[in-house]
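Novice: Here it is: the structure, laid out below.
The values are calculated or read from the model by the stated rules, or taken from the named source; none is laboratory data. All figures in this text were calculated on a predicted structure; none of them were measured in a lab. Reconstructed Cβ throughout: ideal geometry from the backbone, glycine too, with neighbour counts over all protein chains shown. Ligands, DNA and RNA are stripped out before the accessible areas are found, and what is left, the full protein with its side chains, is counted by its heavy atoms. Shrake-Rupley method; radii C 1.70, N 1.55, O 1.52, S 1.80 Å.
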Amino acid sequence: MDYLLFDKRLGISVPDECVDFGSLSAKEMEHFWLKWEKIRGTIPDRIQEFDRMMEELQTELSLEEDFGKSCRLNAKIAELASIVNDLWLLYRIP
């Protein structure tokens with residue numbers, strides 16, 4: 001077991017919140033940390049992807065004249081910003 005679950009929203013595997021990491025053996029913890037460090041190393045690239053998407057949407061938003069569409073674009077930007085925030089939080093897990 002690798003103690004990680006794929007998070008569809010973030011597009012990466014994250015530590016399983018149901019696991020009592022304090023009860024794992026040293027070997028299990030080493031296995032987990034090796035996998036997590038590999039995943040963690042991909043987070044800055046994921047953030048850049050989402051940043052690019054937000055920039056494109058912001059450009060589109062700045063040109064949009066339809067209020068309803070502007071609201072939808074703004075909601076998409078807000079969701080992407082939330083994902084970026086969550087990814088930064090995960091990246092800071094040592």
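Novice: Return the single residue from Leu57, Leu24, Leu80 with maximal mean-square fluctuation; model: Gaussian network over the chain, springs between Cα atoms under 10 Å.
Specialist: Judging by the Gaussian network model, the answer is Leu24.
Novice: Where does the charge balance sit around Lys35 when Lys and Arg score +1, Asp and Glu -1, over other residues with C-beta under 15 Å from its C-beta?
Specialist: -3
Novice: Another one. Pairs of Cα atoms under 8 Å, at least six residues apart: use those to get the relative contact order of the chain, whole percent.
Specialist: After rounding, I find 27 percent.
Novice: Could you work out what % of the accessible surface of the chain is carbon and sulfur, using a 1.4 angstrom probe and leaving DNA, RNA and ligands out of the count?
Specialist: After summing per-atom areas, the C and S share lands at 56 percent.
Novice: Follow-up question, since we're still on this one. Using the Karplus curve 6.51 cos²θ - 1.76 cosθ + 1.60 with θ = phi - 60°, what ³J(HN,Hα) values do you get for each residue of segment 54-64, in whole Hz, with x for Gly and Pro?
Specialist: Running phi through 6.51 cos²θ - 1.76 cosθ + 1.60 with θ = phi - 60° gives 5, 4, 4, 5, 5, 5, 4, 5, 5, 9, 7 Hz.
Novice: What's the percent breakdown of Cα-Cα distances in segment 31-94 across 5 Å bins, shortest bin first?
Specialist: All Cα pairs, binned at 5 Å, distribute as 4, 17, 23, 17, 13, 10, 7, 5, 3, 1, 0 percent.
Novice: Keeping all protein chains in place, calculate the accessible area per residue for the chain (probe 1.4 angstrom), answer in Å².
Specialist: Per residue, the chain has an accessible area of 70 Å².
Novice: Roughly how many debye, to the nearest 20, is the charge dipole of the chain about its Cα centre, given +1 on each Lys and Arg Cβ, -1 on each Asp and Glu Cβ, and no other charges?
Specialist: Using only the charged Cβ atoms, the result is roughly 180 debye.
Novice: Given H placed 1.01 Å from N in the peptide plane, which residues other than close sequence neighbours of Asp7 have an amide H under 5 Å from its amide H?
Specialist: Correct list: Ile12, Ser13, Val14.
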